[in-house]
Amino acid sequence: MALQTILLALTVLWAAAQTPPCRILGRAAKPSFSQHGDITIGGVFSLHSNPTEITIQFSTTPEPLKCARINFRELRIVQTMIFAVEEINNRTDLLPGVSVGYKIYDTCASTTLSVRAAMALMNGYEETLTDTSCSTPAAVQAIIGESRSTNSIAIAAAVGLFRIPLISHFSTCACLSNRKEFPSFFRTIPSDYYQSRALAQLVKHFGWTWVGAVRSDSDYGNNGMATFLEAVQQEGICIEYSEKFQRTEPEKLLKVVDVIRSSTAKVVVAFLDQLDMNSLLEQLTLQNITGLQMIGSEGWITANNLVTPTSFTILGGSIGFAISKAKINGLKDFLLKLHPSEYPENTVVVDFWEAAFQCSLANGVNVPHITPCTGSESLSEMENQYTDVSELRFSNNAYKAVYAVAHSLHDLLACTADQGCVNRVKTEPWQVLEALKKVNFSLETGEHVSFDSNGDPAARYEVVNWQLGPGGAVEFRVVGYYDASLPSGQQFVMSPVNMVWAGGQKQKPRSVCSESCPPGTRKAVQRGRPVCCYDCVPCAEGEVSNATDSNDCIQCPEEYWPNANRDLCNMKHYKEKIILECDVGSAVGFWAVLGYIGLLSALCFVLAFLARKLPDNFNEAKFITFSMLIFCAVWITFLPAASLALMNQHEEGTKACLKPATVHAVIGETTSTSTIGIARTLSHSATCACLSNRQEYPTFFRTIPSDYYQSRALAKLVKHFGWTWVGAIRTNSDYGNSGMANFLKAADNEGICVEYSVAIYRTDPRQRFLEVVEIIKKSSSKVIVAFADGTDLDILTKELFLQNVTGFQWVGSEGWITYRYIASQVNYAVVGGAIGFAVPNSHIPGLKEFITNTRPSTRPGNMGLVELWESVFGCTLTPRGDASVACTGSESLRGMHTRYTDVSDASLLNNVYKAVYAVAHSLHSLIRCKDGQGPFVNRTCADKDRIEPWQVVLHYLNQVNFTTKHGERIHFDEQGDPAARYALVNWQRSPQGVIVFQMVGLYDASLPEGQQFVMKDDVQAIWAGGRQEVPKSVCSESCLPGTRRAFVKGKPICCFDCIPCADGEFSNTTNALTCVQCPPEYKMAQWTALLLVASTTAVMLGPACRRHGQAAPPQLSAKADVIIGGVFSIHRSTKEMVHSFTSKPQSPPCIRTIPSDYYQSRALAQLVKHFGWTWVGAVRSNSDYGNNGMATFIEAAQQEGICIEYSEAVYRTDPREKILQSVEVIKKGTAKVVVAFLALGDIIPLLQEMALQNVTGLQWVGSESWITASRLADNQGYGFLRGSIGFAIGKTTLKGLNEFLIKVHPFQAPGNALIKEFWEIAFECSFEKIDNSAGKPLCTGSESLREVLNEYTDVTELRISNKVYTAVYAVAHSLHRVLEEHSSLHSSTNRSFGPQQVLKYLRNVNFTANTGEQISFDANGDPVARYELVNWELADRGVLQFKTVGHYDASLPPDSRFIVNQGNMVWAGGQSQKPRSVCSESCPPGTRKAVQRGRPLCCYDCVPCAEGEISNATGPAGGFHPNLLRTTCAGLHLPLSCILWTCIVYYLLKNNLDFIYKNC
């Protein structure tokens, strides 16, 4: 990664030095089809297939992309769009007098070209930039396209930022319905969310439970298939394989075809686009793979270009969902008019004409084997995908999209057929976007067009079947319908028509992994295979099953036994059978044999004890005779007991770039979500607790308290009034989600239970609000805590009012509790009596006068003020030609009552006021700074003529501490938060009937616990419904003395029953958990029994070209002919800033000298398997390193049959509570092995807590990041890590490095702060002569690193350092090759070359380092993966050392990669015995594993084999039966005496063991 950064930085610097400061990169993109109009619509289509690949040499500018063959269907869709535009322009009832133009681009199915086309549509396509290029409006009002989901995602992400509508006719990925990511995306084709589920229902409908799945490796295929797989799992369908490919990956495609050929599933679900399906079809045809029932997605199921003379043998009988087709009058004639003479320079039309008529339009150029086009060719004589209008599906979608834009513009411009369009003003795309949301119209075909809240249409599909028509042509016959708008159970309907199946057969194919098990058998799932693959095992003796595919057999009642088929129980008395009944015998005989057996048991125990030291080879062949003698002796000994048993018969940058920052602080934003995106701000209203994270928001301050305190205050408020059973409602935003999460946690700590927790947002459909209303109506809690925004709550309360849902006690957050503009009489009927916390109100002297004296003439150019003035007074300050009233200038705000002039609630205004003064005080302190007393380096002050924002923020704003004019003290804590003070307000009505927010209490988080919350004595609170008494809200009433609480299963702890104490027990407190036993000499008091019965962005824009921030000089540097950069984390942490970019540039390939974690994760899984650990815990860093590494490990572990008990994620900045939760999980785990994929900085806080809690005895398996960290090994507190094992990068010795390291001295680089800091830490001294209060001695310079042993001077563990060493040499070798090539082409004095040439040779380096290590990189930029297996052992001096006990080399064959020397290993805690870590012990022969329900496969019970069954690979055959231990089948051809003796021992052992078990 460091090397990639070096190359990227060099590329940027090199390019910047050789190009002008401002010009267009690349070539201007021009449309394929265009027409001027009053309003322009854009189009983006894949008129050609993928562009041809270009090999980039990094030495010249790449050639423009060249597209492959023309796509006839896409051209028809484009022409349909043009037809719709011309049709609209000729209408008088739609956009009368307004002409619509278009610009249509060809993207060649390339994502890159799609984005390029979108940018051209947004900005135009000027070759050069002017001063006005960036200020012109968008070139189009809406864009129609793209065909592929991946391309649409790229375009939607770009145009969505500018609120330009994108309407797709073909992109179906469900991911595009995400309104947060794609706010301006619409489509006229249904989302795959519905199609994927419909496909699952289709498969289930035909009884196919065993299917294969193939998908396009794209957003379309991956998202669609993921939803399908989820749906089929719910339907009980199993997937044999799930493969993906792209048409540009022939090797992957061949692998997919091999998988299909070797599979047993006869049904293949193909979620593919048309081009990928075409590639698959070609290979299936070449390899003659037929007889498969293909199930298709709409991407290919009706694609005419797939219909070829040979394709029906593969795709005949295919079924799938298609978009409904339509007929567009006049389109056929329009399509046939296309001619190259009308578009003489249009390459699309030329390519189409040449492809359609197999001729050439190249003038004067003779193309071999191709005749010249004459121009007399006619499309009316052609039949191809372009001219075919019998299957207008996607063309109709494009047609609808154009009309949707036209109708939205019609409404936006207020057009009528009589008066034309009234609002003939220039529209903006965002206005079209809002109008599109409301379109609702019908086409002439009768088809209805509208969009839901996600921009999706109603989901309707046709089920089509590939059949041969009467003339032998392939037809897409409609055989069913799917309509997602209908109720469940009625959505999917098949028509009563004849279906054609795979290959044109009339018989529906079967596709199951295993045939159904008949009655009399049960299903036994085949190990390691899906649940659809099983064997049919006959029911055991005495058991039956009477249904097909039974999972278990049922035991017959005692007086019944199974019939011959074991599918029914009959009475035991058959006429043809005689049943012998045996007398049990005498009791004396029974006890006699029991005593005799006891004597024999004691004797056997003594013999067994004496024989405990027999040699291990006791069972070898030469001791068989002795074994038989012992066996016979046992038989003889048991003869008398056997006789008695048989008798008794028991049963079992430039200068312009050096200007100072435009602003030094930003005040705003209002909402938390908006504020999160601003890097430096001082907010007056953003309350999200997440903004207190100094790691992510290092320059954020606010004058409003964090919701961290408000959430806890609300929990204390609820507890104060005794409400233990509440409902919770929140705004679905950062504000609501974060605030409610903190409240729920605090409420849980206070013993408060939450009945429900729901989220709402203003853009939710009404149905969502109605669902919330229903939840509230059905709830039993009488208190609702609403952490919501006023706008969102206003919508909900109006719905509650309409349904007369009143009488609830509302508890509100500051987001709405004093929001005056929802304080209507309607809302008061619902939330009257509400209480909640608000920012205290304040009075700012002079503010009212300042606001009312404002007028546009005093602030010319202020457009916001102009808009306010025109809105308030209903006049215009800009002359217009309409009937608008002109403003006279005599208007005054003094007498106006508006939200602008209302300062009665100045709480948030006061926060802005305080924010401005905080900045002013910090600037004041900065300007008054005296040299020599400053806070910066060498006690310097800031340059007063060049003040930087960081100087204001990082020091002075942190230090502000002042009191405002009205007595409020302002300061910030270390998170940039003010002191948390709130007023408790109550919604009341004044005597005049006006709604007021009466303050009834105070909360101050700066006071001691118990004094923070105070209710005012002089004010009476009003409660829900205007009542005077506090309402009750509990799940269960309190249990009186004499009873105890019994919790209700499955409900929160606040819900319980009150159970009277048992006889002799009592309880003398309310809500007692248990009753206490009375002493023997006491009786329960009579009274207890009686009682029981009775009971920013605009501010940060500066000049067009200047540098933001300061240049970062390197810590270490040296000048030379060629410079290599280095980026390292020399310090352990920093105050990180989060940046947000609108797009991510593609970076050059990453090249590294350390192996990818792909190999390490798999090696760790093999390591765990090698030691027989099948039950492990997993802990990872909550970062890309940990999450990706652990995900690969878990995947590999599952393949190795290893189960994961838990998987925890931690990060160094997590609060201690989070770390403690993970420690608790580890403590409670039963796994004795912990795999820790942790970065060093993340494992330290975890180990610290484990050391405090003395969590020991665990076998740690570590990743390379920490397994050889000396910091951990040298810490005596981490002794429990002894015995840890893990993979480490191979260590080496670098000659001369030690001498080089100890030569470093601060006097060599006097100005280098890094070396100076290192020296002070290493020798615990200081170079500063002032403020030496810490007691450190002064550094003399005579200190020597030779006398120091630390991580810097220690060269015994050169692992990562060696990787830096090899990286430098890799660059040097590539530079050597570059200079060799360069010197042969240029003069020796010209050494100018770019990083791209270095990259070219870096990929191919192959050399041996001085250490003997071979250095090369694969195609991904990775080295060969080689690791050492290290073990933490105790060295002679009592410290832990890293001993190499094995090796892993991924370049070797699979069986030879992993070598372990297990002989001298040390295990957990220093033990010599390898620990065991299994969920369940192995099942011995004669038993089978029964997986414990709801637990992993490694957790099971050992169940004895049923009668007639054994547990080895051989099943019971005819003439055989199990031996005594049920480990093998014994034949009945043995001598009769052996059978007799075996039966004697069997009955003896079995009867007596059962008897002892049952009676003891």
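Looking only at residues in the range 330-352 that are within 16 Å of ASP388 (Cα to Cα) and part of a helix (DSSP H, G or I), which one is most open to solvent (accessible area, probe 1.4 Å)? Going through the qualifying residues, I end up with ASP333. One residue stands out in the range 1193-1206 among those that are in contact with a strand residue (DSSP E or B) (Cβ under 9 Å, 6 or more places away or on another chain) and part of a helix (DSSP H, G or I): the one that is farthest from PRO1155 (Cα to Cα), namely GLN1198. In the set (1) exposed (fewer than 13 other Cβ atoms within 10 Å of the Cβ); (2) in contact with a helix residue (DSSP H, G or I) (Cβ under 6 Å, 6 or more places away or on another chain), the condition left unmet by ALA1062 is number (2). Given the criteria of a type in the set (Ser, Thr, Tyr) and surrounded by fewer than 16 Cβ atoms within 10 Å (Cβ to Cβ), does THR1230 qualify? For THR1230, the condition - of a type in the set (Ser, Thr, Tyr) and surrounded by fewer than 16 Cβ atoms within 10 Å (Cβ to Cβ) - is met. Taking each residue of the range 1446-1469 that is under 27 Å from LEU1258 (Cα atoms) and looking for partners that are of a type in the set (Val, Ile, Thr) and open to solvent by 70 Å² or more (accessible area, probe 1.4 Å) with beta-carbon atoms closer than 7 Å, six or more apart or interchain, yields GLY1446/ILE1459; HIS1447/ILE1459; GLY1469/THR1256. Residue-level check: of (1) open to solvent by 30 Å² or more (accessible area, probe 1.4 Å); (2) out of contact with any Ser or Thr (no Cβ under 9 Å at 6 or more places or on another chain), TYR1278 misses just (1). If we scan the range 796-808, do we find a residue that is out of contact with any helix residue (DSSP H, G or I) (no Cβ under 9 Å at 6 or more places or on another chain), more than 9 Å from TRP987 (Cβ to Cβ) and part of a helix (DSSP H, G or I)? Checked against the condition, which is being out of contact with any helix residue (DSSP H, G or I) (no Cβ under 9 Å at 6 or more places or on another chain), more than 9 Å from TRP987 (Cβ to Cβ) and part of a helix (DSSP H, G or I), the range 796-808 yields no hits at all. Residue count for the range 290-326 satisfying the condition of being part of a loop (DSSP other than H, G, I, E, B), open to solvent by 20 Å² or more (accessible area, probe 1.4 Å) and over 19 Å from VAL267 (Cβ atoms): 6.
Would it be correct to say that THR662 is open to solvent by less than 40 Å² (accessible area, probe 1.4 Å) and either modelled with pLDDT of 75 or more or within 16 Å of VAL919 (Cβ to Cβ) (or both)? Criteria not met by THR662.
Across the range 62-85, the qualifying residues are those that are of a type outside the set (Phe, Trp, Tyr), open to solvent by 10 Å² or more (accessible area, probe 1.4 Å) and over 12 Å from ASN305 (Cβ atoms), and the one among them that is farthest from the chain's Cα centre (by Cα) is GLU63.
Just to check your reading of the model, which residue among ILE54, ILE39, ILE88 is over 16 Å from TYR105 (Cα atoms), surrounded by 11 or more Cβ atoms within 10 Å (Cβ to Cβ) and at pLDDT below 75?
Answer to the selection: ILE54.
One residue stands out in the range 517-532 among those that are part of a loop (DSSP other than H, G, I, E, B) and at pLDDT 90 or above: the one that is farthest from TRP561 (Cα to Cα), namely CYS517.
A residue that is under 28 Å from TYR241 (Cβ atoms) and part of a loop (DSSP other than H, G, I, E, B) can be found somewhere in the range 551-568.
Would you point out the residue of the range 816-828, among those that are assigned to a loop (DSSP other than H, G, I, E, B) and open to solvent by 20 Å² or more (accessible area, probe 1.4 Å), that is nearest to LEU717 (Cα to Cα)?
Looking at residues that are assigned to a loop (DSSP other than H, G, I, E, B) and open to solvent by 20 Å² or more (accessible area, probe 1.4 Å), I get THR818.
The residue that is nearest to ILE1244 (Cα to Cα), among those in the range 1156-1185 that are hydroxyl-bearing (Ser, Thr, Tyr) and assigned to a helix (DSSP H, G or I), is TYR1185. Taken together, the residues in the range 489-500 that are within 17 Å of LEU199 (Cβ to Cβ) and hydrophobic (A, V, I, L, M, F, W, C) amount to 4. Looking across the range 540-557, the residues that are within 46 Å of the chain's Cα centre (by Cα) and either open to solvent by 30 Å² or more (accessible area, probe 1.4 Å) or of a type in the set (A, V, I, L, M, F, W, C) (or both) come down to ASN546, ALA547, THR548, ASP549, ASN551, ASP552, CYS553, ILE554. Note on the range 486-516: among residues that are outside any loop (DSSP other than H, G, I, E, B) and touching a Phe, Trp or Tyr at 6+ places or on another chain (Cβ under 6 Å), the one that is surrounded by the fewest Cβ atoms within 10 Å (Cβ to Cβ) is VAL493. For the range 1060-1080, the criterion of being part of a loop (DSSP other than H, G, I, E, B) and at pLDDT below 70 is met by at least one residue. For the range 392-410, the set of residues classified as open to solvent by 20 Å² or more (accessible area, probe 1.4 Å) and at pLDDT below 90 is empty. Residues in the range 1258-1280 that are aromatic (Phe, Trp, Tyr) and over 34 Å from the mean Cα position of the chain (by Cα): TYR1278, PHE1280. Scanning the range 533-550 for residues that are under 17 Å from GLU240 (Cα atoms) and assigned to a loop (DSSP other than H, G, I, E, B) returns a single hit, CYS533. Screening the range 674-766 for strands (runs of 3 or more DSSP E) wholly inside it with 2 or more residues that are open to solvent by 10 Å² or more (accessible area, probe 1.4 Å) and touching a Lys or Arg at 6+ places or on another chain (Cβ under 8 Å) returns the ranges 753-760. The set of residues from the range 1027-1040 being open to solvent by less than 20 Å² (accessible area, probe 1.4 Å) and either more than 20 Å from ALA728 (Cβ to Cβ) or not in a loop (DSSP other than H, G, I, E, B) (or both) comprises just one member, CYS1039. One residue stands out among those in the range 525-539 that are open to solvent by less than 30 Å² (accessible area, probe 1.4 Å) and among the hydrophobic types (A, V, I, L, M, F, W, C): the one that is farthest from SER262 (Cα to Cα), which is CYS539. Scanning the range 1233-1269 for residues that are polar (S, T, N, Q), open to solvent by 30 Å² or more (accessible area, probe 1.4 Å) and closer than 19 Å to LEU1434 by Cα gives a single hit, THR1256. Just checking, does the range 858-866 include any residue being in contact with an Asp or Glu (Cβ under 9 Å, 6 or more places away or on another chain), surrounded by 14 or more Cβ atoms within 10 Å (Cβ to Cβ) and of a type outside the set (Phe, Trp, Tyr)? No - not one qualifying residue is present in the range 858-866.
The values are calculated or read from the model by the stated rules, or taken from the named source; none is laboratory data. The shown structure was predicted, so the numbers you read here are calculated from the model rather than taken from an experiment. Here Cβ is always computed from backbone atoms with ideal geometry, including for glycine, and neighbour counts include all displayed protein chains. Note: areas computed on protein heavy atoms with side chains; ligands, DNA, RNA excluded. Shrake-Rupley method; radii C 1.70, N 1.55, O 1.52, S 1.80 Å.
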